[in-house]
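Data block below; observations after.
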Ligand code: HEM
C-alpha cells in the first residue's frame, strides 16, 4: 500500500553508531540517540524508578526528625545512604541528571518537530497518490456530473479543511487536524515551562515558619522565624515587610460519635499591617484559606497550647512570666514543654511539664487527656535544679531539658490559678491559665505562576494532541466510459490509532447528494482489505 | 451539621444490596462465558474470515451513501439463545446494582452534608460506581459484554475491601480535607482511576488474546473457548488505548488539582510526600505507555505491560501508600 507521508516519522529513523567515528559524526550520533523516542522512554522510566526510594527512605525536606532518628538508629547505613543522597533524593545530582537529560532530549525532539510542523502547516496538502484505491479508506462511483463540477462540489463540501487542487485539475487534496501536532508540541514545551517555574521557585523562593501565641505577633524579618529555608539565590532583604498579630484562635473538635475528638475547624483571626505606614487590617487564616500579603502567602500549619506560668525564685522576684508554647504529643493534644529559668536564686531552675487540656486519670495509663479542647486543663510539673547547660555555647532545644547536671526536686499537679511552693526555698510556680498558639508558614514562590501556566498549557496541549484527529482526503474525478465521470474518494489518517473512513464516509455521503451516482452503477469499495481502524 | 445516622445506615444497607446483586450479575456473566455460543463479534469475524473491525471499514466504505454498516448488522442480528440470555441478564443485574450503589453514594452524601468521597471507604464506593457506569456507557454502543466479568469481579473485590478493611462511620471532615479542591481533585482522581481500571482489564484481555493469536492454538480447554469469544487482539489493543488516552488527561488534571489543593492546605504545591511521589510515578508510567505506543519496537505487548505497571502503581498508591508509608495525606484514617 502507499506508504503514508513520513515527514515527522523520519525523525524516528533507527540509530546505529557510524562505523568511522569522526568526532563530528560521533557527536551527531550521540545527539540523535539522545533525542530518539527510545531514549526518551528509557529516561522516563528511569525517572519513575528513581522517584521510588524517596518515598521509602525518610526525606530531609519532608521529615527531618525521622532522618535524625535514622542516623541515631543505624549510623553506618545512614552514612552510606547519605553518600548516595538518599535522604534528599529529589534534590540529588543523580535525580537531577535524569530529568535534565530528559528535558534536553525533549528540546532536541520538539524543536525539529516544531520546525517541520510550522512548515507543514503552511504548505498545501500533498497531491493525491496515483492509485487511490490502495489507501485504507476508498470509495469509487460513477456519475453523470462532469469532472469539474464534481471537484467544485467537493471543494464546497470540504469547508474547514485546507484544500489544494492538483496541477492537472483532476483531483483535490484536503487535510485537517493540524491542531493535533500543535497540541503535542504545546504539551511538551509546557512541561519545560513547569520545570522552569519549579527551578525559579526553589532558587529565589522563600519559606519560613513562625510560632505565635494568641495576643502576640511577629514582624516579617529573618530573625523572627523559628525555621527558614530560603532559596539559594534568595535575598532576605526582599522579605515583604509586614507585621501580623494573632488576635484569636478558634479550634473546634467533633464532640460526639465515633469521630469524637477529630478536628473540625482551626481558624486564626489576625490583624496585620501590609507594610510600614499602611493601615492595619484584619483577616481570618484557616487551613485551606491562606492570607496573601505583599507577594507572600501566610498559611496556618499548626496550633497548640501555651500554658501561662509565673515563676518566682527564692527571693520572691518574678523570674519568668507569660505563655510557654508546648508541643502537642497526641490527637488529644496532651502537650509537653519545658521552662528554663537560668537566673533564679538560689539555684537555676528547670521545669518539665505536660499540659492536659482535658485531664483525666486513666486507671492504667495514669493522667491523660480525654479530649483536645480545654475542658479541664491540668499541668503536671517536675522541677529540677542545677546547671541548665545553657552557658555551654551549644545550641539548645527550647523543648528539651538537659538534666545531666541537674537534680530532681519535686513534682506536682496544678490547675489554673494554683500555685506550688517548691521545697528548699527554691521559689513558687503559679499556673495562671493557658492560651493557644498557631504556627504560620510564610512562603514566597515567584515561580508559581509559571508552573501553573505550564500545567495549564500542558493540559490543553495534551487534550488537543490526544483528541484531535488528523486526516487527509483526496477526491479525484476523471472522465470515464459513456460520458460518465468516475469519482474516487480516499482518505488517510495520520498518527496513532487513527482512521479516516468516517471522514470518507461523511464526505461521500454529502457529495453523493450533489453528485448522484449514475443509475447503472453503485458506489463500491475496491482495493485490498484495508488495515486501518474502525471508528 | 450533625450526621444523619439513619441515612448513613440506609447507605450501608444499599452498599450491601448492591454487592449481592453484583454477585449474581457476576455469575450470569460467567455463565455466558462458560455456556454461551461464541460471542457475536467473534462469530462474525469467523464467518467473514476477517477481523470484524476491518469488515466494518469495508462495509462503511462500500455501502455508502446508504450505509447499513457492519456494526449495525452485528448489533441487529437476532440474539442467539442460551448464553446470550445469560449475558443480558448479567447486564440488567449490573444496571440494577449500579442504581443501588448510586443510592448508597447519594444517601451517604446526604447523611454527611458533603460530597461523599472524603475517606478511602467512600472513595472506593463512589469510584467503583464510576467504573461500572463507564462500562455500561461503553456497552451501549459497543459490543463489549465480554468485559462484564472483568469489570464486575474487581469491583466486587474492591467493595469487599471497602466494607471490611476500609470502612469508617459517616462523619464530617478534618479541616485540611474541607475544601472544594477536595471535591475537584478527588472527583478527577476517581474518574481517571475508574477509566484506567477498565483500561487495565481490557489490556489484560489483550495480552491473553495476543498470546493465543501468536500461538495459533485452537484448543478445546475452557480458557481457549473463553479466549475465542473475545474480539481480535488488535481491536482489544485499540479499545485499551482509547480508554487510557481518555483517562490520562483526566488523571493529569487530577494531579494538578491536587497540587493546587496542597498549596492552599499546606503552603506548598509539591512536597514529595509519599502520596504525591507515587502519583508522579503513576503519571510517568502512563506517559511512558502513550510514548511506547508511538515508538518502534515498543508497541503492542511492551506498551501493554507498561500500562499495567501504571495501574499497579496507582493501586499501590491507593492501598499500599495509605497503609505502609506514613505521610501527610491522613486520608487513610
Ligand atoms: C518530560 C518527559 C516527557 C513526558 C512526560 C512526555 C509525555 C508524553 C505524552 C503523555 C504523550 C502522549 C500525548 C501526545 O500524543 O501528545 C507524548 C507524546 C509524544 N512525545 Fe513525549 N513526553 C516527554 C518527553 C519526550 C521526549 C524527550 C520526546 C522526544 C524524544 C518526546 C516525543 C514525543 C512524541 C514524538 C510524541 C507523539 C507521539 C505520537 O505521535 O502519538 N517526548 N509524550
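The values are calculated or read from the model by the stated rules, or taken from the named source; none is laboratory data. On a predicted model such as this, the values are computed, not experimentally measured, just so you know. Don't worry about glycine lacking a Cβ; one is built from the backbone with ideal geometry, like all the others, and counts go over all protein chains shown.
A compact table of results
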| read-out | value |
| --- | --- |
| Those residues of the range A:253-277 which are surrounded by fewer than 16 Cβ atoms within 10 Å (Cβ to Cβ) and over 30 Å from the mean Cα position of the chain (by Cα), in sequence order | A:255, A:256, A:257, A:258, A:260, A:271, A:275, A:276, A:277 |
| Residue under evaluation residue B:216, criteria (1) in contact with a helix residue (DSSP H, G or I) (Cβ under 9 Å, 6 or more places away or on another chain); (2) more than 9 Å from chain A (Cβ to nearest Cβ), criterion not met | (1) |
| Residues being at negative phi and away from chain B (no Cβ under 14 Å) - total across the range A:263-299 | 14 |
| The listed residue being in a helix (DSSP H, G or I) and crowded, with 16+ Cβ neighbours inside 10 Å, out of A:100, A:172, A:106 | A:106 |
| Some residue of the range A:8-21 being farther than 20 Å from residue A:115 by Cβ, facing chain B (nearest Cβ under 10 Å) and either within 12 Å of the ligand (Cβ to nearest atom) or modelled with pLDDT under 80 (or both) | yes |
| Residue satisfying condition, being touching a residue at least 24 places away in the same chain (Cβ under 8 Å) and under 25 Å from residue B:319 (Cβ atoms), within set B:279, B:233 | B:279 |
| Residues satisfying the stated conditions in the range A:80-101, i.e. under 24 Å from residue A:64 (Cα atoms), within 14 Å of another protein chain (Cβ to nearest Cβ) and touching a residue at least 12 places away in the same chain (Cβ under 8 Å) | A:86, A:87, A:88, A:89, A:90, A:91, A:95 |
| Residue within the range A:172-180 that is within 14 Å of chain B (Cβ to nearest Cβ) and within 16 Å of the ligand (Cβ to nearest atom) present | yes |
| Among the candidates A:258, A:276, residue that is touching a residue at least 12 places away in the same chain (Cβ under 8 Å) and part of a loop (DSSP other than H, G, I, E, B) | A:276 |
| Positions within the range A:416-442 being crowded, with 16+ Cβ neighbours inside 10 Å and at positive phi, in sequence order | A:427 |
| Given (1) assigned to a strand (DSSP E or B); (2) in contact (Cβ under 8 Å) with a residue 40 or more places away in the chain, index of the condition residue A:420 fails | (2) |
| Qualifying residue in the range A:478-485 (condition: in a helix (DSSP H, G or I) and surrounded by 20 or more Cβ atoms within 10 Å (Cβ to Cβ)) | no |
| Those strands (runs of 3 or more DSSP E) lying entirely in the range A:205-250 with at least 2 residues in contact (Cβ under 8 Å) with a residue 24 or more places away in the chain | A:206-213, A:217-219 |
| Filter result (closer than 15 Å to residue A:191 by Cα and more than 32 Å from the chain's Cα centre (by Cα)) within the range A:99-130 | none |
| Selected residue [within 15 Å of the ligand (Cβ to nearest atom) and without any contact (Cβ under 8 Å) to a residue 60 or more places away in the chain] from B:248, B:253 | B:248 |
| Answer from A:85, A:138 - the residue that is surrounded by 14 or more Cβ atoms within 10 Å (Cβ to Cβ), over 30 Å from residue A:482 (Cα atoms) and away from the ligand (no atom under 16 Å from the Cβ) | A:85 |
| Tabulated pairs, the range A:102-114, first more than 14 Å from chain B (Cβ to nearest Cβ) and more than 16 Å from residue A:45 (Cβ to Cβ), second part of a helix (DSSP H, G or I) and within 7 Å of the ligand (Cβ to nearest atom), C-beta under 9 angstrom, 6+ apart or interchain | A:107/A:188 |
| Top-ranked residue of the range A:453-477 - restricted to ones that are assigned to a strand (DSSP E or B) and away from the ligand (no atom under 12 Å from the Cβ), ranked as farthest from the chain's Cα centre (by Cα) | A:477 |
| Sole residue being at the interface with chain A (Cβ under 10 Å from one of its Cβ atoms), in contact (Cβ under 8 Å) with a residue 60 or more places away in the chain and within 30 Å of residue A:443 (Cβ to Cβ), chosen from B:265, B:287 | B:265 |
| Residue, modelled with the highest pLDDT, within the range B:306-333, restricted to residues that are surrounded by fewer than 15 Cβ atoms within 10 Å (Cβ to Cβ) and out of contact with any helix residue (DSSP H, G or I) (no Cβ under 7 Å at 6 or more places or on another chain) | B:312 |
| Members of the range B:130-175 found to be within 14 Å of another protein chain (Cβ to nearest Cβ), within 26 Å of residue A:259 (Cβ to Cβ) and not in a loop (DSSP other than H, G, I, E, B), listed by number | B:175 |
| Check on residue A:169, at positive phi, within 48 Å of the chain's Cα centre (by Cα) and more than 11 Å from the ligand (Cβ to nearest atom) | no |
